[in-house]
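Following: one structure in structure tokens, then a few remarks.
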């Protein structure tokens, strides 16, 4: 059974995030960029401790459920977004994709892949957690990107349900940190 949570950046809160690509460009239609985003997500969870519960990289946005160790989702996300932008920029430079590089450059002269802000929803019940996991995994089907959740390569479905095929990045189970389990 899931615990009830305080909504003010406390530890132990699962965050359902939606992060949109700037101008809703379909940057992640590129296999290289989608893979880079997923790998950057896993690396960021490892370097800035957060449990990664579920994710999907869609062509123009991503959804994920994370549990930052320190509870500070704003700081975690403020560090994550530039890391993915930098990785996409490096790939675009290596592939000499000048149109992508021009688009990444903002009017202020910096680079940004992401739309400002985020959509953050606190998951405070087991029902909501599984509802959002289901939404994440079926989003590619609803958008016509794959016939089944297992067929979409840029999501946590295979990792969560031990399905056949490549697991792009691992996810974390249990969803909670040790000390959160003790308090539950």
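The values are calculated or read from the model by the stated rules, or taken from the named source; none is laboratory data. Note that this is a predicted model, so its numbers are computed, not measured. Positions of Cβ are backbone-derived with ideal geometry, glycine not excepted, and every protein chain shown enters the neighbour counts.
Evaluating residue 71 against the criteria (1) surrounded by 15 or more Cβ atoms within 10 Å (Cβ to Cβ); (2) on the phi > 0 side of the Ramachandran plot; (3) in a helix (DSSP H, G or I) leaves one unmet condition, (3).
The residue that is modelled with the highest pLDDT, among those in region 166-182 that are within 19 Å of residue 16 (Cβ to Cβ) and loosely packed, with under 12 Cβ neighbours inside 10 Å, is 173. Out of 108, 79, one residue alone is over 16 Å from residue 34 (Cβ atoms), assigned to a loop (DSSP other than H, G, I, E, B) and either out of contact with any helix residue (DSSP H, G or I) (no Cβ under 6 Å at 6 or more places or on another chain) or modelled with pLDDT of 95 or more (or both). It is 108.
One residue alone among 44, 63 is farther than 26 Å from residue 142 by Cβ, crowded, with 18+ Cβ neighbours inside 10 Å, modelled with pLDDT of 95 or more and in contact with a strand residue (DSSP E or B) (Cβ under 9 Å, 6 or more places away or on another chain), and that residue is 44.
Beta carbons closer than 7 Å, at least 6 apart along the sequence or on distinct chains, pair a first residue in region 87-104 that is more than 16 Å from residue 37 (Cβ to Cβ) with a second that is surrounded by fewer than 15 Cβ atoms within 10 Å (Cβ to Cβ) for 101/93.
Please find, within region 6-18, the residue that is modelled with the lowest pLDDT out of those that are crowded, with 18+ Cβ neighbours inside 10 Å and over 10 Å from the mean Cα position of the chain (by Cα). Ranking the candidates gives 12 first. Just so you know, in region 154-165 the residues that are in contact with a strand residue (DSSP E or B) (Cβ under 9 Å, 6 or more places away or on another chain) and assigned to a loop (DSSP other than H, G, I, E, B) include one that is surrounded by the most Cβ atoms within 10 Å (Cβ to Cβ), and it is 156. Checking 78, 92, 151, 83 one by one, the residue that is out of contact with any strand residue (DSSP E or B) (no Cβ under 9 Å at 6 or more places or on another chain), over 21 Å from residue 56 (Cβ atoms) and surrounded by 14 or more Cβ atoms within 10 Å (Cβ to Cβ) is 92 and no other.
Determine which member of the set 133, 171 is outside any helix (DSSP H, G or I), under 18 Å from the mean Cα position of the chain (by Cα) and within 21 Å of residue 50 (Cβ to Cβ). Residue meeting the stated conditions: 171. Restricting attention to region 19-41, does a residue exist that is surrounded by fewer than 16 Cβ atoms within 10 Å (Cβ to Cβ), more than 19 Å from residue 154 (Cα to Cα) and modelled with pLDDT under 95? Taking every residue of region 19-41 in turn, at least one turns out to be surrounded by fewer than 16 Cβ atoms within 10 Å (Cβ to Cβ), more than 19 Å from residue 154 (Cα to Cα) and modelled with pLDDT under 95. Among the residues that make up region 111-121, is at least one of them within 16 Å of the chain's Cα centre (by Cα), part of a helix (DSSP H, G or I) and surrounded by fewer than 16 Cβ atoms within 10 Å (Cβ to Cβ)? No, because not a single residue in region 111-121 is within 16 Å of the chain's Cα centre (by Cα), part of a helix (DSSP H, G or I) and surrounded by fewer than 16 Cβ atoms within 10 Å (Cβ to Cβ).
Being in contact (Cβ under 8 Å) with a residue 24 or more places away in the chain and within 21 Å of residue 39 (Cβ to Cβ) is the filter; apply it to region 135-148 and report the residue that is surrounded by the most Cβ atoms within 10 Å (Cβ to Cβ).
136
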